[in-house]
Amino acid sequence: MSASVSTPAPALPLRPARRAPRRLVLGGIALTAALLVAGAYMPKWLTFLITMAASHGLVSLGIVLMMRGGVVSFGQGLVFALGAYAAALAYTRLGITDALGLALLGGAVATLGVAPFAPLLSRYRGIFFAMLTLALSMVVFGVLTKTEALGGSDGFNMGRVTVFGQKLADGHVGYVLYSVTVVVAAVLALLARVYFDSTRGLLTLAVRENELRVEYLGGSVRRAMAINFVLAAFAGGTGGALVVMSLGHIDPNFSYWTTSGEFVFVAILAGWQSVLAVFIASTVLEVVRSFSSLYFPNTWQLSLGLFLLFVIRFLPRGIGSLWIGRTGSARSAEKPR
Amino acid sequence: MNSPLLRAIGLEKRFGALVAASAITIDVRPGERVSLIGSNGAGKTTFVNMITGYLKPDAGRIELGGRDITPLSPRAITRLGVARSFQIPQLYPALTVLDNMLVATACQENRLSFWQTARRPDAVARADALLERFQLNEHRERLVAELPGGVRKLLDIAMALTGEPQLLLLDEPTSGVSAEEKFPMMEIVMTAVGAQPLTVLFVEHDMDIVERHADRVIAFYSGRIIADDTPQAALATDDVRRYVTGTLEAAAC
């Protein structure tokens, strides 16, 4: 049929990426291997910076997962703290020292911790969702601050973890934790990409676009939102556990609203189209934070704010749009219209 | 005689002082093509919205295949085999036509995998088959935001059919489409719909289309039913000529 009604201006495309799974896996493995090799030659400050960026990036990845459905959590510090406290407590109270086990435990505890709230939160959108998640994280912050058994506002320390039963020597601990973090982040990033490209991932994009039609097609919007919230919790909890293993210290600030704000910052910086962009954005934040703290210790947030303004002005869909948009255009040009 | 697929019994709906539905009682039998006609505000879309669960009637009961669906949500009613299209197409403008179809397929088949790619071969084949029935293949990889209105209308209806419903409600399928394109478009829709056993209720303002495609007409006025008969008989009644088509006043002049 020919057009009878004027063609509207095109919307920003939400095309899901369609990379061949094998290419995706091989690319992910190659990048991870490259990072592992490069890590062996990096200065210690850089391996630590990337360890923090990858761990924090997992929390922001969870926010991106929710952003694809049209909501943003301002309280992701909650799952970050739950995962970190779970790992630290398992280490100090239960004697679990394996890094991978603690990372998975952190993710699992965060997931179980917030799962009861998922049905409630799935009913809310926009600022109400953001504020409810923020409220939950601040409640946990308050409880942690007042709980002396958990160290109160000072928190507590945890010792050095093991990897596959091996104790870590002083000279290698940084690199081994870097490697564990990079591998765990890579696996979760790959799973996130698979999820984004899956049927459920497509439904999440549909929810973002038009909830009413999803319901009229027989899909459950609330279930989709609840699942995304829970999956995001797992990623965030794992990130928290990885951070506490590297820092060796936990305190209630993990759940404070400014911590959550930084995760949102990274998610906005990355955009919701690319998984890789989340980790790049997280690294950018760590670099800006490190150098700004060094050179402008009292005004580093100013640098961060200016940087975010720049990104929102010139890359409104985030860093990921730099290459997702380009491949999308190339693909369109190849297809007959 | 077949038992009714859809029964609306004594439906009432008010919006403040406005009576949108009053004592609406309708039986629709399997396979019927029923056109709902009436001037704007007569209560046609309110009726469709009550059948599909978007609005709850103040009184009355709606049955589908003998089952009371009055209290059910739109999603639950959809899953029982009631599909609808919208006066303003409800699509995903930033997704491609194929991805819109895949969303519809996924929702209605309840095959929401965490792992399988959304473009798995069997889902794409099903979507393509429907796109072909609606002559939408050439638009397959285009973003919906780039499509003209008529094509959007067709896609809206095609998406409704992905779950192979037993009852399809079309809310003004030809509105916003130019006069010369209405008829070919409706031909495409009815041919596509005819490929599966389906009962169709469609809201329509063009009486030529009604006469051509309906085998029964239900006319609404001020929330009431003023005619329920074959197209020829219904369109010939004084009430329909006075309140719907306006031909009685024209003839009097």
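Of note:
- Filter result for B:Gly163 (free of Cβ contacts under 8 Å to residues at least 24 places away in the same chain and more than 12 Å from the chain's Cα centre (by Cα)): no
- Qualifying residue in region B:172-189 (condition: touching a residue at least 40 places away in the same chain (Cβ under 8 Å), in the same structural domain as B:Pro30 (by TED's automatic domain parsing) and over 23 Å from A:Asn210 (Cα atoms)): yes
- Residue that is among the hydrophobic types (A, V, I, L, M, F, W, C) and touching a helix residue (DSSP H, G or I) at 6+ places or on another chain (Cβ under 7 Å), where the choices are A:Val173, A:Val182: A:Val182
- Scan of region A:114-152 for residues that are more than 24 Å from the chain's Cα centre (by Cα), surrounded by 13 or more Cβ atoms within 10 Å (Cβ to Cβ) and part of a helix (DSSP H, G or I), ordered by number: A:Thr145, A:Leu150, A:Gly152
- Test for B:Glu132: is it in contact with a Pro (Cβ under 8 Å, 6 or more places away or on another chain) and farther than 30 Å from B:Met207 by Cβ: no
- Test for B:Ser113: is it within 7 Å of chain A (Cβ to nearest Cβ) and hydroxyl-bearing (Ser, Thr, Tyr): yes
- The set of residues in region B:84-110 that are among the β-branched types (Val, Ile, Thr), assigned to a helix (DSSP H, G or I) and within 7 Å of chain A (Cβ to nearest Cβ) contains only B:Val103.
- Among the residues of region A:222-241, not a single one is more than 21 Å from A:Ser274 (Cβ to Cβ), within 9 Å of chain B (Cβ to nearest Cβ) and free of Cβ contacts under 8 Å to residues at least 12 places away in the same chain.
- Contact annotation: residue pairs with Cβ atoms under 8 Å, 6 or more positions apart or on different chains, pairing a residue in region A:120-147 that is over 13 Å from A:Trp257 (Cβ atoms) with a partner that is assigned to a helix (DSSP H, G or I) and among the aromatic types (Phe, Trp, Tyr), are A:Leu121/A:Phe129; A:Leu121/A:Phe229; A:Ser122/A:Phe229; A:Leu144/A:Tyr85.
- For region B:70-81, the tally of residues that are outside any helix (DSSP H, G or I) and within 14 Å of chain A (Cβ to nearest Cβ) stands at 4.
Here's the yes/no breakdown for (1) on the phi > 0 side of the Ramachandran plot; (2) buried (at least 18 other Cβ atoms within 10 Å of the Cβ):
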residue: B:Leu6; (1), (2): no, yes
residue: B:Glu12; (1), (2): no, no
residue: B:Ile26; (1), (2): no, yes
residue: B:Leu36; (1), (2): no, yes
residue: B:Thr46; (1), (2): no, yes
residue: B:Asn49; (1), (2): no, yes
residue: B:Gly53; (1), (2): yes, yes
residue: B:Ala59; (1), (2): no, no
residue: B:Ile62; (1), (2): no, yes
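Listed here are the residues, each with its yes/no results for (1) farther than 14 Å from B:Val200 by Cβ; (2) within 14 Å of chain A (Cβ to nearest Cβ).
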| position | (1), (2) |
| --- | --- |
| B:Ala21 | yes, no |
| B:Ser35 | no, no |
| B:Asn49 | yes, yes |
| B:Gly60 | yes, no |
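- Here region A:195-215 is the region considered, the condition is being touching a residue at least 24 places away in the same chain (Cβ under 8 Å) and more than 18 Å from A:Arg123 (Cβ to Cβ), and the residue that is farthest from the other protein chains (Cβ to nearest Cβ) is A:Phe196.
The values are calculated or read from the model by the stated rules, or taken from the named source; none is laboratory data. Note that this is a predicted model, so its numbers are computed, not measured. Note: ideal-geometry Cβ built from the backbone for every residue, glycine included; neighbour counts use all protein chains shown.
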